[in-house]
Every structure is written in C-alpha cells, then in structure tokens.
Amino acid sequence: MTWLRDALDDVAGNAPQVDLTERTIEIRKRRRRRTTSLVAAAAVVAVALGVTSAVRLQPARPHPAVVPGTVTDLPARGVGPLSHAFMTFCRPERGKAPAGCVDGGWRVVTRGGTTYRVAQARPGSTSGLRESPLAISRDGRKIAYYDTEAGTFAVRDLASGTVITAPTKVPTAWLGSIAHLLLSDDGRFLAFTKRPPLKDPAMLFDLRERMARPLPNGWNPIGLSPDGDTITLAEYAPRTRLRTITRLWQTSTAGNTATVDVAGRYLVGALGPDGNSVVAVESVQTSIAGCLRSGADLVHLDRKTGKVLRKVSVRGLSMTANQVHLRGWTGPHEITALAKPLVCHERDDDAPAPSLDPPYVPFTAYAVNVETGQARKLATYTAQGFFHLVLPGFPGTL
C-alpha cells in the first residue's frame with residue numbers, strides 16, 4: 001500500500017488541525033467527568049473501563065426481542081430490512097439498561113420491530129479514543145461495520161448473509177475518536193473517515209473490484225455518486241466547508257478536489273437525491289458556553305460556492321426549542337430531522353461528578369419538506385445523544 005501512503009501525503013496537508021465540533025466538546029466533557037469519577041472511586045476502575053465516554057442510545061419502546069432472555073445475535077441470513085441501529089451502554093443514571101447489555105455494543109432493529117445484537121461488530125471504545133461506526137444502506141438491507149475478527153470493515157447483506165470485507169486492513173488505532181461510514185445503495189462502495197485528522201488514512205473502498213482510495217481526514221462524507229467516482233464531504237470546525245472530490249477511480253491520487261467555505265456555522269444533512277442539493281441547519285450559540293441550539297430555518301446551500309441560496313421556515317417542528325440534526329432523505333423533497341428538546345445547564349466545577357451514563361431522553365424523527373418547511377412526525381426514540389443512533393442511508397455518526 002505504498003501508493004496509499006504517497007497519496008495520503010498529498011491530502012494530509014489539507015486536513016484541519018483542530019476539532020471543535022459539538023461531538024468533540026461532548027467527548028471532552030465526558031472524559032473530564034470520567035476522570036473525576038475514577039479518582040473518587042478507584043475501586044470501580046475495572047467496571048468503568050467497560051463504559052464509553054461517547055453518547056449512548058437505545059430504542060424508545062422495548063420490542064419483544066428486548067424482553068430479558070430473548071435478545072439474540074443477528075441470524076446468519078433471512079433478516080428483513082432495518083429501521084435503525086443503536087448502541088447499548090449499561091450504566092444509565094436513571095432507568096434500566098437493555099437486557100443483555102454490552103457496553104458500546106451494536107443492535108439493529110428491523111422494520112417489523114425485532115431487535116438483534118451484532119456480535120461481529122466491534123463495540124465502541126471505553127474511552128472515546130477509538131470509535132466503532134456502523135452504517136445502514138438506504139434500503140435497510142445491508143449494514144457496514146468494523147469486523148473485529150477480520151480486522152477491517154465488512155458489509156453484510158442481511159437477507160442472504162453474504163459478508164464482504166474491505167480489501168485493506170484497518171488497525172483499530174486508525175479509527176479515531178469520531179468515525180464515519182457511508183455505504184452506497186448497492187453495498188459496493190464504503191467510505192470511512194474520522195476525526196481527529198491523524199496521519200492514518202481515511203479511505204474509500206470498492207468491495208467488488210477490491211481496491212481502495214485515500215480520502216482526506218477530518219471530514220464527514222455526506223454523498224456518494226452511484227459509480228463511486230464522486231464523493232461530497234462536509235467539515236464543521238474550525239468553520240463549515242464543503243468538499244467535492246471527483247475522478248476517484250481514474251487517478252492514483254485523491255482525484256480532483258474543489259473546496260468551498262460556508263459563511264457561518266451549519267450542520268448539513270445528506271446530499272440530496274439530485275446529487276446537488278445541500279440542506280443545513282444553523283448552529284447558534286446560546287448564552288451558556290458550549291450549549292448550541294438550532295437556527296429557526298432550513299438553509300439551502302450552493303454545493304459549488306458554499307453560499308446560502310435561501311431559507312425556509314419550518315412548520316410542525318420547533319427548531320429553536322430543540323437541537324436538530326439532519327439525516328438522510330425520505331424522498332426527493334423531504335429530509336429527516338432528528339430533534340431533541342434543548343436543555344442547557346450552567347457548569348459547576350465544584351459539583352459532584354455526574355454518572356458516566358446520563359439519563360435517556362426522547363429523540364423524535366421528522367420528515368421535513370425542504371421546499372415548504374412542513375414537518376411530519378416519523379418516530380420517537382429514547383437516547384442519550386444523537387451520535388449513536390443510525391438511520392438508513394446516512395453516516396452512522398455525525
């Protein structure tokens with residue numbers, strides 16, 4: 001893989017040097033709380049090492065499969081399309097952990113409501129230093145994850161049980177503290193990026209032709225063309241930027257790259273079905289340091305220039321009373337918005353360290369028409385944060 005290292009040198013210089021995303025801020029807060037807790041209670045270190053500092057999630061309603069003793073591993077074949085996937089973490093401050101809980105373990109839920117453990121997928125890190133992402137294809141019929149036994153990423157067809165691993169080994173040290181996967185609709189291409197922007201390569205895999213191409217670190221993949229030759233990425237810190245890389249499989253380097261700055265701070269959703277539409281939500285700083293709320297509107301961005309094209313007022317979902325993150329598209333005119341009620345607390349450095357697992361709170365998914373702003377409710381989940389709830393067709397983490 002000498003060519004990969006050589007190509008990486010070309011893109012490494014463009015990688016951002018800092019990581020100021022909301023996710024990173026939260027990880028640092030978790031690490032601070034974790035350190036305080038361990039100093040105060042050293043006797044529980046062995047237990048604490050089984051708990052991640054990243055955000056944690058579980059489904060909103062216990063399906064029959066979550067009843068004690070009935071959760072099973074993902075069958076070898078014959079599994080129907082998925083509605084979502086989530087991570088389990090086992091020491092909630094209030095409420096019960098899912099039955100058979102594995103710290104950082106992945107579970108998938110079918111559209112029919114059956115929940116399975118994905119035993120092959122590497123659990124999330126106990127410290128937030130090494131992530132373990134998972135992605136679901138847009139039709140819900142395939143998943144991608146880090147396969148512990150294979151030592152690299154794998155794509156699994158849920159109906160047939162066929163598993164294809166990436167053509168290149170990916171050491172766990174390369175996973176970063178925030179990792180992203182984007183899986184093509186047909187399962188052929190898999191993009192892997194991570195933060196912080198380390199020297200280890202991010203990559204795009206062609207699982208059919210058994211090839212890999214380097215990608216710039218520190219970016220979040222938001223769109224991939226059907227032929228895998230064009231990828232669109234977004235960066236959120238120290239400023240919002242969009243990057244498009246073309247001719248990925250026609251050159252020995254990272255292809256032709258165009259990067260644009262976006263004035264302001266925005267979180268973007270998946271690239272639109274037309275391959276050009278970019279819709280975003282503004283991140284607004286509240287009066288409390290480190291606490292961000294969403295802007296009132298959906299914002300249409302020009303993919304090529306980064307300029308704001310127009311803003312659309314949202315109806316049926318209070319944007320300013322919630323933190324809102326955009327996910328994938330449910331159709332040509334609707335994008336999924338995942339909302340959590342906005343709660344900001346002043347930090348008291350003298351207060352006792354909170355539990356490693358905060359209480360679960362409701363997250364509600366809406367389909368929002370990007371032309372009219374009309375929102376309609378899709379589903380509600382119970383979660384500890386946005387970043388380990390995976391919906392079909394968009395990267396597993398933000």
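The values are calculated or read from the model by the stated rules, or taken from the named source; none is laboratory data. Remember, it's a predicted structure, so these values are computed and weren't measured experimentally. Neighbour counts are summed over all protein chains in view; Cβ atoms, including those assigned to glycine, are modelled from backbone coordinates with ideal geometry. These accessible areas exclude ligands, DNA and RNA; they are computed on the full protein's heavy atoms, side chains included. Shrake-Rupley method; radii C 1.70, N 1.55, O 1.52, S 1.80 Å.
Could you work out the local net charge near Pro332, counting Lys and Arg as +1, Asp and Glu as -1, over the other residues with Cβ closer than 12 Å to its Cβ?
Combined, the nearby Lys, Arg, Asp and Glu give -3.
Under the rule of at least 5 residues apart or a separate chain, name every residue whose amide H is placed under 5 Å from the amide H of Arg141.
Amide H neighbours of Arg141, under 5 Å, 5+ apart: Leu82.
Rounded, prolate or oblate for segment 184-243? Axes are the square roots of the Cα gyration tensor eigenvalues, ordered a ≥ b ≥ c, and the cut-off for rounded is a/c under 1.5.
Oblate shape, in that a/c is at least 1.5 and b/c is the bigger or equal ratio.
Sort 217-223, 366-372, 160-166 for me by packing, meaning the mean count of neighbouring Cβ atoms within 10 Å per residue, highest on top.
217-223, 366-372, 160-166
Sorted by packing (mean other beta-carbon atoms within 10 Å per residue), highest first, where do 226-237, 330-341 land?
Put in order of decreasing packing, that is 226-237, 330-341.
Specify whether the C-alpha gyration tensor of segment 80-187 places it in the rounded, prolate or oblate class, a ≥ b ≥ c being the square roots of the eigenvalues: rounded for a/c under 1.5, otherwise prolate if a/b is larger than b/c and oblate if not.
oblate
Sort Arg315, Arg111 by accessible area with a 1.4 Å probe, largest first.
Arg111, Arg315
Report ³J(HN,Hα) in whole Hz for each residue of segment 372-377, in order, from the Karplus equation J = 6.51 cos²θ - 1.76 cosθ + 1.60 where θ = phi - 60°; Gly and Pro get x.
Going residue by residue, I get 9, x, 6, 10, 10, 6 Hz, with x marking Gly and Pro.
If you roll a 1.4 Å probe over segment 138-258 with all protein chains in place, what percent of the accessible area is carbon or sulfur?
In segment 138-258, the share of accessible area belonging to carbon and sulfur is 50 percent.
Amide H of Asp297 versus every other amide H placed in the peptide plane: which residues, excluding those fewer than 5 positions away on the same chain, fall under 5 Å?
Glu282
Where the eigenvalues come from the Cα gyration tensor of segment 229-286, what are the semi-axes √(5λ) of the equivalent ellipsoid, largest first, in whole Å?
After diagonalising the Cα gyration tensor, the semi-axes are 25, 13, 7 Å.
So with the 1.4 Å probe, I'd like the accessible area per residue for segment 162-316, rounded to whole Å².
Using a 1.4 Å probe on heavy atoms only, each residue of segment 162-316 averages 37 Å².
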